[in-house]
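Notes for the one structure printed next.
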Amino acid sequence: MKHLLAIVVLFLASCSPSPEPVAKDGTKKLVVGFSQIGAESEWRALETDSIKKEAARRGIELKFADAQGRQENQIKALKSFVAQKVDAIVLAPQTKLGWENVLEEVARAKIPLVLVDRGIEVKDDALYATLIASDFVEEGRMIGRWLGEKTGGACNVVELAGTVGSDPAIERAKGFAEAIAAFPGVRVIKSQPAEFTRAKGKEVMEAFLKSDGDAIGAVYAHNDDMALGALQALEEAGKQPGVDVLVLAIDAAKPAFTELVAGKISALVECSPLLGPLAFDAVEKAVRGEALPKRTVVPDRLFDASNAAAELSKREY
Ligand code: AHR
């Protein structure tokens, strides 16, 4: 009989819902799902780290899903967060389009969703609570203006573009084109996607060097990693970056910043990956039902030979 009772107790315990996560002070822990694009760049690894550390610091339980560079994996992750009834979702979306249906599911489940790093295009922007990101158009403009002014308005540029359909690839190309329009002698002679990775940046730069060789005056890379790949291609082709060809990029994380101080990269515009604190401020407000601005712009600065060395030891990333 005792045996039977024990079995019944065990059976009932296994059927009861798993206990809610509890913080040290006895309050319910927030559970947040974070859908990350992947690990294509130094920047993305820094962003992941910032979000994980900030969640841990606040005692938030983070469910992390790495989509390995595929939007369909991000959609699957969001659906799984809905099924797990998380309190909020943080999404770093790979592309601008294709989110409507899954975000409607998230909204039906009444789960607030905070976008970080990249924007999306949806018919109804009530589908997300807020977007925390840099102004990618302005980043492109800053680099374009710098190039126009430094070259006296004459230069052939090759562009290493980011992932096709992604917010930064679209906006950084747009901002750069807008700025160089004021310098008719600065022209983009070739532009090709290189997926924000160092390997692809090198490969595409090698192809540019084969087709356009000495005609190239500058490389505009939509991120650090592609610029670092381009540096390698230039050096292997016997060119001196910073002297024969100017290399310009966006992100300004330590590995590229070091090349800027060394003179191989000529200008960098920063794009902060340290989004954890802002993201969780927004998550906590959204969960409490507080109003949020639709967009928070993270400010960025430009660095070149005039200010890079003094900044290097102060850089946070
Ligand atoms: O969305 C931000 C961009 O994505 C960064 O510039 C790049 O390095 C990353 O992969």
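Bear in mind that the values in this text are calculations on the coordinates, not laboratory data. Here the structure is a predicted model, which is why all the values come from computation and not from measurement. FYI the Cβ positions are ideal-geometry reconstructions off the backbone, even for glycines, and counts take in every protein chain you see.
Dipole magnitude of segment 81-170 about its Cα centre, charges +1 at Lys/Arg Cβ and -1 at Asp/Glu Cβ only, in debye to the nearest 20? Please list the in-between numbers first.
On the way: 9 positive and 14 negative charges, 17 e Å.
The dipole of segment 81-170 has a size of about 80 debye.
Can you compute the label reach from residue 150? Point 7 Å from Cα along the Cβ direction, backbone N cut-off under 13 Å, restricted to segment 202-235.
Residues passing the 13 Å test: 217-221.
If neighbour count is taken as other Cβ atoms inside 10 Å, put 271, 155 in order from fewest to most.
Values: 271 24, 155 21.
So the residues, fewest neighbours to most, are 155, 271.
Suppose we flag trypsin sites (Lys or Arg not before Pro) only when DSSP calls them loop and at most 14 other Cβ atoms lie within 10 Å. Which is the longest uninterrupted stretch of the chain?
Numbers: sites that count: 24, 70, 85, 110, 123, 288, 294, 301, 314, 315.
Result for the longest clean stretch: 124-287.
Where the Cα atoms of segment 126-173 are projected onto their three principal axes, how long is each span, largest first, in whole Å?
Cα extents, longest axis first: 45, 20, 11 Å.
Please list, in order, the residues from segment 137-173 whose amide nitrogen is less than 14 Å from a point placed 7 Å along the Cα→Cβ vector of residue 215.
Zone members listed by number: 155-159.
Over the Cα atoms of the chain, what radius of gyration and what Dmax do you get, in Å?
According to the Cα coordinates of the chain, Rg and Dmax are 23.1, 94 Å.
Name the residues whose placed amide hydrogens come within less than 5 Å of the amide hydrogen of residue 296, ignoring near sequence neighbours (fewer than 5 apart) on the same chain.
131, 132, 133
Any idea what angle helix 276-287 forms with the longest principal axis of the chain, computed on alpha-carbon atoms, 0 to 90 degrees, nearest 10?
40 degrees
Through the Karplus equation 6.51 cos²θ - 1.76 cosθ + 1.60, θ set to phi - 60°, convert the phi angles of segment 69-74 into ³J(HN,Hα) values in whole Hz; use x for Gly and Pro.
Calculated HN-Hα couplings, in order: x, 10, 4, 4, 5, 5 Hz.
Per residue, how big is the convex hull of segment 44-195 when only Cα atoms are used? Give it in Å³.
Working: hull volume 18.7 nm³, N = 152.
It comes to 123 Å³ per residue, whole-number rounded.
Report the local net charge at residue 69: Lys and Arg +1, Asp and Glu -1, summed over other residues whose C-beta lies under 13 Å from its C-beta. Could you put the intermediate results ahead of the total?
Working: positive: 44, 70, 200; negative: 40, 66, 72, 195.
The answer is -1.
Using only helices, what value at 222 nm comes out for the chain when you add -39,500 (n - 2.57) per DSSP H run of length 4 or more and divide by the total residues, to the nearest 500 deg cm²/dmol?
Working: 11 runs with 134 residues, N = 317.
Taking each H run of at least 4 residues, the total per residue is -13000 deg cm²/dmol.
Evaluate Rg over Rh across segment 168-317, taking Cα atoms for both radii and Kirkwood's formula for Rh. Before the final figure, lay out each step's value.
Values: Rg = 17.6 Å, Rh = 16.8 Å.
Looking at segment 168-317, the ratio lands at 1.04.
Could you check the simple spin-label distance between residue 72 and residue 125, using points 7 Å along Cα→Cβ, in nm with one decimal?
3.1 nm
How tilted is helix 136-150 with respect to the longest principal axis of the chain? Cα atoms for both, answer in degrees (0 to 90, nearest 10).
Once rounded, the angle reads 20 degrees.
Would you mind getting me the FRET efficiency between residue 296 and residue 110? Use the beta-carbon distance for r and R0 = 25 Å, nearest 0.05. Could you put the intermediate results ahead of the total?
Numbers: r = 23 Å, r/R0 = 0.91.
My answer for the efficiency is 0.65.
Using the alpha-carbon centroid of each, what span in Å lies between segment 83-135 and segment 203-249?
Here the answer is 36 Å between Cα centres.
Using the crude model of +1 on Lys and Arg Cβ and -1 on Asp and Glu Cβ, and no other charge, please compute the dipole size for the chain relative to its Cα centre, in debye to 20. List each step's numbers first, then the result.
Numbers: 40 positive and 46 negative charges, 213 e Å.
Around 1020 debye, computed over the chain.
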